[in-house]
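Okay, structure first, notes after.
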Amino acid sequence: MNTSTTNSTHQHKKNTHGPYNFFLVTISTSRAEKYGGDGTVSNPEDADDMSGQVMRDIITQNGHHVVKYSLISDEVNEIQDAVRSAIDTDADIIITSGGTGLASRDVTIESITPMLDKEMPGFGELFRYKSIQQIGASVILTRAIAGVIKNKAIFCLPGSPNAVRLALDEIIIPEAGHIVKHTKE
């Protein structure tokens, strides 16, 4: 990389360090049935949600804020309602975890894609590229996506703690300010 490209990138990202507000949604029918997916669960620990805990911990350890955690079932209406609720908060970034697989009950992508104003295909591409080191050829099953809905970034992640950690540590947190800057323009 040449120096002018590096300087241009640094200048472009200048003053984009936050802190930012995150709205977290865990999509899991089994957890929602066991722990209550009706908005009564406000902490991932209360739902034995390792991925939710990883999301919250990484976000807060990086100086950002979690404005809300929500646990819902793998149902199109519940997913879309949760995203609409997130849009109505002061969240800058919405992250969903779960429901991205190939099983018939996995409807996160189908629920959120029609709501997107803009897609960020580079996120899914980069996430799958980085995931190859962890899961090998199974990466072809990964349907992680990202986009923008009403000036808010949304990331739909698989439900595994390792996938959540990879996405947040290596992609979302490092680019959060840059993304938020552009979604607000």
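The values are calculated or read from the model by the stated rules, or taken from the named source; none is laboratory data. No experiment lies behind these values; they were computed from the predicted model shown. Note that we place each Cβ from the backbone using ideal geometry, even for glycine, and neighbour counts take in every protein chain shown.
One line per residue, one yes/no per condition, for (1) modelled with pLDDT of 85 or more; (2) out of contact with any helix residue (DSSP H, G or I) (no Cβ under 8 Å at 6 or more places or on another chain); (3) farther than 22 Å from I93 by Cα:
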position: M1; (1), (2), (3): no, yes, yes
position: T5; (1), (2), (3): no, yes, yes
position: K14; (1), (2), (3): no, yes, no
position: H17; (1), (2), (3): no, no, no
position: T29; (1), (2), (3): yes, yes, yes
position: E33; (1), (2), (3): yes, yes, yes
position: G39; (1), (2), (3): no, yes, no
position: E45; (1), (2), (3): yes, no, no
position: D49; (1), (2), (3): yes, no, no
- line: How many residues of segment 54-79 are within 15 Å of the chain's Cα centre (by Cα), touching a residue at least 12 places away in the same chain (Cβ under 8 Å) and under 19 Å from P174 (Cα atoms)? The answer is 8
- request: Might you let me know whether segment 157-174 holds any residue that is without any contact (Cβ under 8 Å) to a residue 24 or more places away in the chain and closer than 17 Å to V25 by Cα?
  value: no
